[in-house]
Amino acid sequence: MENWRCHVRAELIRRDGSQKDPYAGVFRSLFQLQDQCEIRQHIWEDVQSQSLEQDGITFVDLHRWLRESEHLSKKLSQTVSDLTCVLYFKEAEIQYWQSQVCRYRQEALSLARGSNTMRATLNQLEFTVERQAKELAALQKEHTRLREGMVEAWKEKGELLQR
Amino acid sequence: MADDKDVLRDVWFGRIPTCFALYQDEVTEKEAEPFYLLLPRVSYLTLVTDKVKKHFLKAVKPEDVEEIWFEYEGTPLKWHYPIGVLFDLHASNTVLPWSITVHFKNFPERDLLHCLSNSVIEAHFMSCIKEADALKHKSQVINDMQKKDHKQLWMDKFDQFWAMNRKLMEYPTEEGGFRYIPFRIYQTMSDRPFIQKLFRPVSPEGHTHTLGGLLKEMYPAAITHDAGPKQGSVCYFPPASSLACMPGPRLCAAGRAVLRCQ
């Protein structure tokens with residue numbers, strides 16, 4: 001990770017450490033207590049004067065358990081729905097990354113193909129250079145031979161003129 | 001982009017512990033207990049305060065109830081600023097939890113816009129996203145999205161938001177970055193509520209701009225005076241195009257200016 005990302009993340013973690021984290025636990029407990037208090041208050045209003053007792057369990061207790069269970073089940077179903085949603089998006093994300101992998105693979109293949117073509121061209125050019133070097137050497141040899149011939153011819157010409 | 005997701009996730013889950021109290025003069029029925037809430041930094045006040053409203057309505061006579069609004073130490077809080085921006089602007093030096101006063105009367109018409117339903121906030125949010133995309137991609141990306149994609153950006157689940165937001169943060173490699181960096185520098189000590197100008201992510205010489213470069217050009221006081229990096233300290237500034245990947249409110253080093261990337 002680049003330096004700035006580390007820095008930003010460290011600062012965000014430091015900020016949460018001073019702002020969010022010290023209060024998150026207390027606030028969570030407070031919300032739970034408020035929920036429970038609300039449920040109990042409803043029950044109390046419902047059955048203010050009609051508490052019947054059977055086997056040591058009061059109607060109020062049963063009612064409270066029922067309400068609390070209902071509340072918990074509502075929360076659980078919300079969690080399940082959230083998780084399903086997250087799963088759906090994770091799957092979409094995997095698909096996106098797979099398509100990216102596919103795209104980069106294609107790019108890598110086309111680059112490798114280009115590299116092979118260039119290598120073949122390079123080989124061909126090396127071969128041409130080698131061939132042309134050989135031709136040049138042969139031409140230089142021929143040139144030397146012709147020059148020697150010419151010198152010989154000049155010599156003969158000079159002798160003939162003297163005669 | 002995967003690394004940007006980690007940064008953005010940290011921004012997304014930022015919370016501010018807050019204590020809401022009803023304005024003393026408006027208590028008519030019975031004494032209202034304060035209400036505590038962990039406010040998400042990247043949301044809007046009126047969007048996350050349904051419970052607060054319900055709680056305090058018990059203490060106010062129905063005929064006294066008008067539109068709800070919030071205030072901190074005499075300053076009405078603008079609902080169309082993200083909560084994190086409001087906190088960093090007005091209360092970053094306060095003792096936590098942040099104490100906000102709730103009002104149901106005397107709506108400050110001169111300072112606040114009316115917000116009669118959540119659809120108003122959604123429309124404001126979408127208009128910010130569209131404005132940012134006009135600067136980044138000439139609106140090509142947002143216009144290519146469907147209505148359901150726009151809705152997904154508005155949802156309060158990070159993964160759903162990220163799946164769409166990622167598209168808004170992409171650009172062709174050959175272009176090397178966005179056209180312009182969408183940003184706002186909010187300020188409290190000025191007549192202008194914020195600074196917003198065109199700023200390219202790359203200089204004409206081809207150098208990548210950083211947040212430091214942006215601040216130096218738009219708000220030099222943030223760099224040179226009270227908030228300049230101390231000698232011997234290390235200060236990292238992200239490249240400006242990465243800055244645009246963070247939609248949440250950003251507190252710049254100046255303390256009085258809050259930089260928010262749209």
Per GNM of chain A with C-alpha springs under 10 angstrom, the most fluctuating residue out of A:32, A:132, A:98 is A:132
With +1 on the Cβ of every Lys and Arg and -1 on the Cβ of every Asp and Glu, the dipole magnitude of the range A:1-48 about its Cα centre, in debye rounded to the nearest 20, is 380 debye
The computed P(r) of the range A:1-110 puts the percent of Cα pairs beyond 18 Å at 76 percent
Counting other chain Cβ atoms within 10 Å of each Cβ in A:86-99 and taking the mean gives 2
Carbon/sulfur accessible area of the protein assembly as shown, % of total, 1.4 Å probe, equals 55 percent
Listed residues A:47, A:129, A:60; largest mean-square fluctuation, Gaussian network over chain A with Cα springs below 10 Å, found at A:129
Longest principal axis of chain A (C-alpha) makes with the long axis of helix A:59-162 (C-alpha) an angle, in degrees to the nearest 10, of 0 degrees
Judged on accessible area alone, 1.4 Å probe, highest first, B:173, B:208 line up as B:173, B:208
The size of the Cβ-based charge dipole (Lys, Arg +1; Asp, Glu -1) of the range A:57-131 about the Cα centre, to the nearest 20 debye, is 140 debye
Most fluctuating of A:135, A:93, A:38 in the GNM of chain A (C-alpha, under 10 Å) is A:135
Under the 7 Å Cα-to-Cβ spin-label approximation, residue B:123 and residue A:33 lie apart by a distance in nanometres of 4.2 nm
Projected area averaged over all directions for the convex hull of the alpha carbon atoms of the range A:88-142, nm², comes out at 3.4 nm²
To the nearest 10 degrees, the tilt of helix A:21-46 (Cα long axis) against the first principal axis of the alpha carbons of chain A is 40 degrees
Ratio for the range B:88-141, C-alpha Rg to 2.2 N^0.38 Å, reads 1.65
Distance in Å, no decimals, from the C-alpha centre of the range B:126-150 to the one of the range A:71-99 is 26 Å
One computes Rg over Rh for the protein assembly as shown from alpha-carbon atoms, with the Kirkwood Rh, and obtains 1.30
For the range A:1-48, the Cα convex hull volume per residue in Å³ comes to 68 Å³
Each residue of A:5-14 has, on average, a number of other protein chain C-beta atoms within 10 Å of its C-beta equal to 5
Rounded to the nearest 100 Å², the accessible area buried between A and B, both sides, probe 1.4 Å, is 3000 Å²
With bins of 10 Å, the percent of all Cα-Cα pairs of the range A:57-131 per bin from 0 is 15, 16, 13, 12, 11, 10, 8, 6, 4, 3, 1
Each residue of B:90-97 has, on average, a number of other protein chain C-beta atoms within 10 Å of its C-beta equal to 1
Rg (one decimal) and Dmax (whole number) from the Cα set of the range B:15-103, in Å, equal 12.6, 37
DSSP beta bridges in the protein assembly as shown: the antiparallel percent, rounded to 5, is 85 percent
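The values are calculated or read from the model by the stated rules, or taken from the named source; none is laboratory data. Everything numeric in this text was worked out from a predicted model, so none of it was measured. Note that we place each Cβ from the backbone using ideal geometry, even for glycine, and neighbour counts take in every protein chain shown. For the accessible areas, the whole protein counts, side chains as well, though only heavy atoms, and no ligand, DNA or RNA atoms are used. Shrake-Rupley method; radii C 1.70, N 1.55, O 1.52, S 1.80 Å.
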